[in-house]
1. Take region 22-49 and flag every residue that is surrounded by fewer than 16 Cβ atoms within 10 Å (Cβ to Cβ), under 27 Å from ALA120 (Cβ atoms) and either over 12 Å from the mean Cα position of the chain (by Cα) or not aliphatic (A, V, I, L, M) (or both).
2. What residue, among those in region 72-81 that are modelled with pLDDT of 95 or more and out of contact with any Lys or Arg (no Cβ under 7 Å at 6 or more places or on another chain), is surrounded by the most Cβ atoms within 10 Å (Cβ to Cβ)?
3. Suppose the filter is among the hydrophobic types (A, V, I, L, M, F, W, C), at pLDDT 95 or above, within 22 Å of MET1 (Cβ to Cβ) and outside any strand (DSSP E or B); does LEU103 pass it?
4. Residues ARG54, ARG12, ARG98: which one is of a type in the set (D, E, K, R) and either surrounded by 15 or more Cβ atoms within 10 Å (Cβ to Cβ) or in contact with a strand residue (DSSP E or B) (Cβ under 6 Å, 6 or more places away or on another chain) (or both)?
5. Report the residue count in region 28-52 for those that are at pLDDT 95 or above and assigned to a loop (DSSP other than H, G, I, E, B).
Amino acid sequence: MTPTETVRAYYRALRRGDPLEPYFAEREDVVKFGVSERLAGYESIAAGLREQTRTTGEWRVESRRLRTTDRESVAWFTDEVGLSWTPTDGERLSFDTRWSGVLERGADEWRFAQMHVSAAHDL
């Protein structure tokens, strides 16, 4: 898969409720910033994503401006994403979000080394 295909596959996995941790590099210096959390290290990210999958559903992920650039073993991306989900114990949440991140090429696949998701706010 290309970096663009990897990002899109991650979005599909999120929509379907599939495991998300396989998309991240298995290292302690990997970081994921979500709308309301910071997860550092593969084990922390994996646990956080498993909990997210367990406690949420009905994900909508609408990519609006995905851009990727790659150079041999590293790639980076940005996107504007309409994002919504329903917590298992709450009301539906919806945000216009901005995504950015860095991917690195492993033996045969691209993995996220850093991901940042933030909610856009009008000033």
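The values are calculated or read from the model by the stated rules, or taken from the named source; none is laboratory data. Small disclaimer: the values here were computed from a predicted structure and weren't measured. All Cβ positions, even for glycine, are placed from backbone atoms using ideal geometry, and neighbour counts span all protein chains on display.
1. SER36, GLU37, ARG38, ALA40
2. ALA75
3. The answer is no for LEU103.
4. ARG98
5. So the count comes out to 4.
Quick grid of which residues meet (1) touching a helix residue (DSSP H, G or I) at 6+ places or on another chain (Cβ under 9 Å); (2) closer than 15 Å to VAL117 by Cα:
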residue	(1), (2)
ALA40	no, yes
ARG54	no, no
ASP70	yes, no
SER73	no, no
